[in-house]
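Data first, discussion second: the structure below is written as structure tokens.
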Amino acid sequence: MNLTPSSVTPNSGFTLLEVLAAIALLAIAFAIGLGALGKSAQNAAHAAALDAAVEHAQTLFAEQGLDQPLQNASLAGTFSDGMRWTLKVRELPRPAAGPGPAAQPQVGVLLAQATGIDLYQLDASVSYGAGRTLRLSTQRAQAAPRGQE
């Protein structure tokens, strides 16, 4: 048998160098994907903790004024999941007496307050996660006690 250059077929397949380069690229892509997945899980955990803190603050607001009338107070405590909270309740100043509803500027907002209604500012802080604090505020109206209308 006579072998001539035209009868020899080139080797088909990959060289060792090509296989190593492919493995290196796969390893880099896997590391990047794993890092992104870890960051995604961390963000999901932060979002879940923030959702829980918001629910706790809304619960604090909803409970105020149910058992007893609102009054100036500072309260603090800890929820069952370990989140710490503070709640400050303060009565907003009443507008000057006059006929009908009065308009009073309050922190850049025009606030209409009818006679016989007291307004309270409720400020809640909930500590969650690693040193994070959620602060929410709302206002609550309450009928004025007899004799203060």
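Against the numbered list (1) outside any helix (DSSP H, G or I); (2) at pLDDT 90 or above; (3) over 31 Å from the mean Cα position of the chain (by Cα), ARG94 comes up short only at (2). Scanning the stretch 101-149 for residues being over 30 Å from ALA49 (Cα atoms) and either modelled with pLDDT under 80 or outside any strand (DSSP E or B) (or both) gives a total of 22.
Screening THR15 with (1) of a type in the set (Val, Ile, Thr); (2) surrounded by 11 or more Cβ atoms within 10 Å (Cβ to Cβ); (3) more than 23 Å from ALA144 (Cβ to Cβ) gives one miss only, at (2).
Residues considered: GLY77, GLY65, GLY35. Of these, the only one that is outside any loop (DSSP other than H, G, I, E, B), surrounded by 10 or more Cβ atoms within 10 Å (Cβ to Cβ) and at pLDDT below 95 is GLY35. For the stretch 122-140, the candidate set comprises residues that are surrounded by fewer than 16 Cβ atoms within 10 Å (Cβ to Cβ) and among the β-branched types (Val, Ile, Thr); within that set, the residue that is nearest to MET83 (Cα to Cα) is THR133.
The values are calculated or read from the model by the stated rules, or taken from the named source; none is laboratory data. Only a predicted model underlies this, so the values are computations on that prediction, with no experimental measurement involved. Neighbour counts are summed over all protein chains in view; Cβ atoms, including those assigned to glycine, are modelled from backbone coordinates with ideal geometry.
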